[in-house]
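Taken together, the values in this text are just the output of simple stated rules run on the coordinates, not laboratory data. Every value quoted in this text rests on a predicted model; they were computed, and no experiment measured them. Every residue, glycine among them, receives a Cβ derived from its backbone with ideal geometry; neighbour counts consider all protein chains shown.
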Amino acid sequence: MLRRVFLLITTLLSGCSALTPVNWLVSSSGYQRVSDIAYGELPRQKLDLYLPDQLQPGAPVVVFYYGGSWRGGDRADYRFVGQALASRGFITLIPDYRMFPEVRYPDFLRDSAKALAWAHAHQQDWQQETGPLLVMGHSAGAYNAAMVALDPRWLQQEQLSPKILSGWVGLAGPYDFLPIINPDVQPVFYHPDTPVDSQPLMHVSEASPPALLLNGREDELVDPQRNTVQMAKALRAAGVATQSQVLDDMGHIKILLALAAPFQNWTPVMEQVTCFISAQAGPGFSVPSSSACKVSSR
């Protein structure tokens with residue numbers, strides 16, 4: 001039955017939106033959601049906070065950026081992500097950010113950094129013993145996460161640096177996409193005059209935080225070899241602790257939906273994310289036991 005629902009959802013979805021049916025399938029218990037928190041003064045600069053009911057000392061804090069080709073998306077559509085992460089004990093924030101045509105590159109990165117800076121400033125509001133801070137994203141959101149984690153320009157505008165991060169997680173992220181072929185993305189990055197330093201791959205250094213990079217072998221939108229595999233190689237060459245995997249039977253949307261509770265048993269995506277994030281926490285945080293903690297490096 002769930003497989004039929006999954007196939008119906010993936011058929012209906014042409015991008016990272018219309019996710020309401022997925023949210024119907026996940027529990028509303030086990031966490032508290034605080035909605036419409038302003039992290040800036042502009043209308044799109046708001047976020048939702050997911051606090052686990054059983055909050056452990058030193059629990060990790062994860063800022064999740066959703067995708068949508070930098071043209072569409074709403075934090076309310078991603079309650080299933082907030083539920084998935086909060087149910088594993090992680091404090092989770094899901095911000096909106098400005099998009100095309102209201103803005104172009106790099107304003108959505110400025111918003112992403114501002115949301116992260118807000119999370120960093122408010123950690124002690126939620127926990128006496130603060131835990132590691134990470135960013136995570138899917139598709140265009142994985143790009144945002146990568147740029148905030150790798151390119152110091154954006155956090156510098158918030159008087160911070162990527163050193164505040166203990167790690168970052170990218171799901172089906174575009175990290176090297178010049179020249180831009182996707183017509184929806186071209187105007188977002190001023191094609192054909194796209195700045196070369198807009199590419200996350202350019203900003204890899206030995207100072208980059210640890211990474212978990214996952215992609216689907218059947219992803220027809222973001223090529224896994226050019227993006228996930230190439231980014232993982234660059235990070236490892238710089239001496240950065242990196243886990244990566246290209247997953248069979250996974251496409252661009254399916255890897256996102258695999259985070260939702262009803263679909264987690266079909267693929268180790270959520271377990272791999274859980275184990276990576278938990279590994280960044282201290283001994284006070286109980287790490288889930290899972291064979292999926294051993295992520296291959298393909």
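Does any residue in the stretch 156-167 that is buried (at least 16 other Cβ atoms within 10 Å of the Cβ) come within less than 6 Å, Cβ to Cβ, of a residue that is part of a loop (DSSP other than H, G, I, E, B) six or more places away or on a different chain, and which pairs are these?
Taking only residues 6 or more apart or on different chains, the pairs are Pro162/Pro152; Leu165/Pro209; Ser166/Pro132; Ser166/Gln280; Gly167/Pro209; Gly167/Pro210; Gly167/Gln280.
Restricting to the stretch 225-241, what's the tally of residues that are buried (at least 21 other Cβ atoms within 10 Å of the Cβ) and touching a residue at least 40 places away in the same chain (Cβ under 8 Å)?
The number of residues fulfilling the criteria is 4.
Conditions (1) outside any helix (DSSP H, G or I); (2) surrounded by 15 or more Cβ atoms within 10 Å (Cβ to Cβ), marked per residue:
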{"site": "Asn182", "(1), (2)": "yes, no"}
{"site": "His191", "(1), (2)": "yes, yes"}
{"site": "Thr194", "(1), (2)": "yes, yes"}
{"site": "Asp197", "(1), (2)": "no, no"}
{"site": "Leu201", "(1), (2)": "no, yes"}
{"site": "Pro209", "(1), (2)": "yes, yes"}
{"site": "Leu212", "(1), (2)": "yes, yes"}
{"site": "Glu220", "(1), (2)": "yes, no"}
{"site": "Asp223", "(1), (2)": "yes, yes"}
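Among the residues of the stretch 100-158, which ones are among the polar types (S, T, N, Q) and outside any helix (DSSP H, G or I)? Reasoning before the result, please.
The first filter runs over the stretch 100-158 and keeps only residues among the polar types (S, T, N, Q), leaving 112, 123-124, 127-128, 130, 139, 144, 156-157.
Residues satisfying the conditions are Gln127, Gln128, Thr130, Ser139, Gln157.
What tally of residues in the stretch 115-151 results from selecting those that are free of Cβ contacts under 8 Å to residues at least 40 places away in the same chain and closer than 23 Å to Ala232 by Cβ?
Of the residues in the stretch 115-151, 1 are free of Cβ contacts under 8 Å to residues at least 40 places away in the same chain and closer than 23 Å to Ala232 by Cβ.
Can you go through Ala59, Ala76 and tell me which one is on the phi < 0 side of the Ramachandran plot and part of a helix (DSSP H, G or I)? Write out each step before concluding.
Values: Ala59 fails: part of a helix (DSSP H, G or I).
Testing whether each residue is on the phi < 0 side of the Ramachandran plot and part of a helix (DSSP H, G or I) leaves just Ala76.
What are the residues in the stretch 62-72 that are surrounded by fewer than 24 Cβ atoms within 10 Å (Cβ to Cβ) and touching a residue at least 60 places away in the same chain (Cβ under 8 Å), if any? Step through it out loud before you land on a result.
Step one: of the stretch 62-72, the residues surrounded by fewer than 24 Cβ atoms within 10 Å (Cβ to Cβ) are 68-69, 71-72.
Those that are surrounded by fewer than 24 Cβ atoms within 10 Å (Cβ to Cβ) and touching a residue at least 60 places away in the same chain (Cβ under 8 Å): Gly68, Ser69, Arg71.
Tell me which of these Pro174 doesn't satisfy, since it passes every other one: (1) surrounded by fewer than 24 Cβ atoms within 10 Å (Cβ to Cβ); (2) touching a Leu at 6+ places or on another chain (Cβ under 9 Å); (3) assigned to a loop (DSSP other than H, G, I, E, B); (4) not hydrophobic (A, V, I, L, M, F, W, C).
(1)
If I ask for residues that are buried (at least 17 other Cβ atoms within 10 Å of the Cβ) and of a type in the set (A, V, I, L, M, F, W, C), which ones from the stretch 29-50 would you list?
Within the stretch 29-50, Leu47, Leu49 qualify.
Only one of Gln186, Gln280 is closer than 25 Å to Arg79 by Cβ and among the polar types (S, T, N, Q); which?
Unique residue meeting the criteria: Gln280.
Out of the residues in the stretch 122-142 meeting the condition of being surrounded by fewer than 24 Cβ atoms within 10 Å (Cβ to Cβ) and touching a helix residue (DSSP H, G or I) at 6+ places or on another chain (Cβ under 7 Å), tell me which one is farthest from Phe177 (Cα to Cα).
Selected residue: Thr130.
When the stretch 105-154 is examined, which residues are found to be of a type in the set (Asp, Glu) and under 18 Å from Leu47 (Cβ atoms)?
Matches in the stretch 105-154: Asp107, Asp111, Asp125.
Condition first: in a loop (DSSP other than H, G, I, E, B) and of a type outside the set (Val, Ile, Thr). Can you find one or more residues in the stretch 225-235 that meet it? Full working, then the answer.
Taking the stretch 225-235 first, the residues in a loop (DSSP other than H, G, I, E, B) are none.
No: zero hits.
Gly251 passes all but one of (1) under 14 Å from Ala146 (Cα atoms); (2) not in a helix (DSSP H, G or I); which number fails?
With respect to (1) under 14 Å from Ala146 (Cα atoms); (2) not in a helix (DSSP H, G or I), Gly251 is out only on (1).
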